[in-house]
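S.K.: Below you will find the structure I want to go over with you.
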Amino acid sequence: MITPFKADGAVDYDAAEKLAVMLINDGSDGVVVSGTTGESPSLSDAEKIELLRVIKNAIPGKSVVAGTGSNDTHHSVELSQLAMKAGADALLAVVPYYNKPPQDGMYLHFKAISEVGPTIMYNIQGRTAVNMTVATTLRCAELPGIIGVKEASGDLDQIGLVCAGKPERFKVWSGDDSWTLPVLAVGGHGVICVVSHIAGRSMARLIDAQRKGDNDVARDIHHGLLPVIKALMTTAANPVPIKSALNAMGFSAGPFRLPLVALADDQLKSVMKTIRDAGEYITFAKAGVKVA
């Protein structure tokens, strides 16, 4: 989920609490706090832990996953320890970025974090510059503390091979909204999602329909959401479009912390037109916010 900020740049914990409740009401099973969408690089550790506490209290009984990954294993372990003490149900840790670790380094990195608490790995070469291979993913999947992977490699062959070779308890979530249906089709569990900020019920219906074998229904929802997903993912880097859209839709998401900035006016108009054109697929209004 996005991290709301006040006009002065401080974290708006009240708005974060409200948003978490609304996301659950709109169909999400749980939330990720301080992930990429939550502007994690510009949050302090203290802010991340306070957000976790606030949101865990706001949605009792629902899963709250703490983003604790970094390219420093020691720091990731320390932050993970704090997150588990604060009530996290699981940890989300990205493949280390910038320093380009070898596959053995990735394995040891995730092994160390998973010894702190249940860990979901996050493979996204577009942000990390390195891909975690099928072999390394499956090697990590044998560790008792590794419970799944958020897969955003953009390689359906890789995702399919992971699904085919994984232990039954290990889950594969799509890390790309537009890949949700294909990932489900090759054995995935669900999606860790951005468009669910405004179309949570639609995404939940898609997943439910695919699991029941109602492929025509799942396909139609997939097609209905694709223009919105494309607008949110390509107009600017996530989370700029979704947070800008939430502000335009009447939810006080607030400003960004540098180096991120809001969409330009023409970009925002284009995104909002796409959202309006999606009609019934946009369900956030039913959770308490009117679509402008």
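The values are calculated or read from the model by the stated rules, or taken from the named source; none is laboratory data. The shown structure was predicted, so the numbers you read here are calculated from the model rather than taken from an experiment. Neighbour counts run over all protein chains shown; Cβ positions are idealised from the backbone, glycine included.
S.K.: With respect to R201, determine if the residue is of a type outside the set (V, I, T) and in contact with an Asp or Glu (Cβ under 9 Å, 6 or more places away or on another chain).
M.R.: yes
S.K.: Would you check which residues across the stretch 167-177 are over 18 Å from G35 (Cβ atoms) and in contact (Cβ under 8 Å) with a residue 12 or more places away in the chain and list them?
M.R.: Once the filter is applied, which keeps residues that are over 18 Å from G35 (Cβ atoms) and in contact (Cβ under 8 Å) with a residue 12 or more places away in the chain, the stretch 167-177 yields P167, R169, F170.
S.K.: At pLDDT 95 or above, within 30 Å of I221 (Cα to Cα) and either of a type in the set (S, T, N, Q) or within 21 Å of the chain's Cα centre (by Cα) (or both): does that describe K166? Steps first, please.
M.R.: Values: at pLDDT 95 or above: yes; within 30 Å of I221 (Cα to Cα): yes; either of a type in the set (S, T, N, Q) or within 21 Å of the chain's Cα centre (by Cα) (or both): no.
Answer is no for this residue.
S.K.: So in the stretch 29-55, with the set limited to residues that are part of a loop (DSSP other than H, G, I, E, B) and closer than 25 Å to R127 by Cα, which one is farthest from the chain's Cα centre (by Cα)?
M.R.: Filtering the stretch 29-55 for residues that are part of a loop (DSSP other than H, G, I, E, B) and closer than 25 Å to R127 by Cα, the one farthest from the chain's Cα centre (by Cα) comes out as S44.
S.K.: Considering only the stretch 211-221, I want to know if a residue exists there that is among the small types (G, A, S), over 14 Å from M272 (Cβ atoms) and buried (at least 20 other Cβ atoms within 10 Å of the Cβ).
M.R.: yes
S.K.: From L23, L19, grab the single residue that is under 13 Å from the mean Cα position of the chain (by Cα), under 21 Å from H197 (Cα atoms), in a helix (DSSP H, G or I) and modelled with pLDDT of 95 or more. It would help to see each step written out before you state the result.
M.R.: Numbers: L19 fails: under 13 Å from the mean Cα position of the chain (by Cα).
Selected residue: L23, the only one of L23, L19 that is under 13 Å from the mean Cα position of the chain (by Cα), under 21 Å from H197 (Cα atoms), in a helix (DSSP H, G or I) and modelled with pLDDT of 95 or more.
S.K.: Of the residues A199, A204, which is touching a residue at least 24 places away in the same chain (Cβ under 8 Å), touching a Phe, Trp or Tyr at 6+ places or on another chain (Cβ under 6 Å), of a type in the set (G, A, S) and buried (at least 19 other Cβ atoms within 10 Å of the Cβ)?
M.R.: None of the other options fit; the residue is A199.
S.K.: Exactly one condition in (1) closer than 30 Å to V21 by Cα; (2) in a loop (DSSP other than H, G, I, E, B); (3) out of contact with any strand residue (DSSP E or B) (no Cβ under 6 Å at 6 or more places or on another chain) is not met by R127; state its number.
M.R.: Checking R127 against (1) closer than 30 Å to V21 by Cα; (2) in a loop (DSSP other than H, G, I, E, B); (3) out of contact with any strand residue (DSSP E or B) (no Cβ under 6 Å at 6 or more places or on another chain), the one that fails is (2).
S.K.: How about the stretch 27-54: which of its residues are touching a helix residue (DSSP H, G or I) at 6+ places or on another chain (Cβ under 7 Å), over 17 Å from C193 (Cα atoms) and touching a residue at least 40 places away in the same chain (Cβ under 8 Å)?
M.R.: Result: L51, V54.
S.K.: Which members of the stretch 222-265 meet the condition of being free of Cβ contacts under 8 Å to residues at least 24 places away in the same chain and touching a Gly at 6+ places or on another chain (Cβ under 8 Å)?
M.R.: Once the filter is applied, which keeps residues that are free of Cβ contacts under 8 Å to residues at least 24 places away in the same chain and touching a Gly at 6+ places or on another chain (Cβ under 8 Å), the stretch 222-265 yields only N247.
S.K.: List the residue pairs whose Cβ atoms are under 8 Å apart, where the first residue sits in the stretch 267-292 and is over 17 Å from H223 (Cα atoms), the second is in a helix (DSSP H, G or I) and modelled with pLDDT under 95, and the two are 6 or more positions apart or on different chains.
M.R.: V291/F284; V291/A285
S.K.: Can you say whether I207 is at pLDDT 95 or above, part of a helix (DSSP H, G or I) and out of contact with any strand residue (DSSP E or B) (no Cβ under 7 Å at 6 or more places or on another chain), as far as the supplied structure shows?
M.R.: no
S.K.: Still on this structure, I have one more. Counting only residues that are outside any helix (DSSP H, G or I) and surrounded by 16 or more Cβ atoms within 10 Å (Cβ to Cβ), how many does the stretch 261-285 have?
M.R.: Going through the stretch 261-285 one residue at a time, the tally reaches 5.
S.K.: Could you tell me whether the stretch 133-142 includes any residue that is part of a strand (DSSP E or B), surrounded by 19 or more Cβ atoms within 10 Å (Cβ to Cβ) and hydrophobic (A, V, I, L, M, F, W, C)?
M.R.: Among the residues of the stretch 133-142, not one is part of a strand (DSSP E or B), surrounded by 19 or more Cβ atoms within 10 Å (Cβ to Cβ) and hydrophobic (A, V, I, L, M, F, W, C), which makes the answer no.
S.K.: Here is a further query. State which residue is farthest from A10 (Cα to Cα) when the search covers only the stretch 250-289 and only residues that are among the hydroxyl-bearing types (S, T, Y) and under 21 Å from the mean Cα position of the chain (by Cα).
M.R.: Going through the qualifying residues, I end up with Y281.
S.K.: Across the stretch 58-98, what is the total count of residues that are in contact with a helix residue (DSSP H, G or I) (Cβ under 7 Å, 6 or more places away or on another chain), of a type outside the set (S, T, Y) and either crowded, with 18+ Cβ neighbours inside 10 Å or over 19 Å from I192 (Cα atoms) (or both)?
M.R.: Result for the stretch 58-98: 18.
S.K.: Here's something else I'd like to know. Residues in the stretch 216-240 that are under 16 Å from C193 (Cα atoms), not in a helix (DSSP H, G or I) and not small (G, A, S): how many?
M.R.: 2
S.K.: Identify the single condition in (1) crowded, with 16+ Cβ neighbours inside 10 Å; (2) closer than 26 Å to D12 by Cα; (3) touching an Asp or Glu at 6+ places or on another chain (Cβ under 7 Å) that N123 does not satisfy, given that it satisfies every other one.
M.R.: Condition not satisfied by N123: (2).
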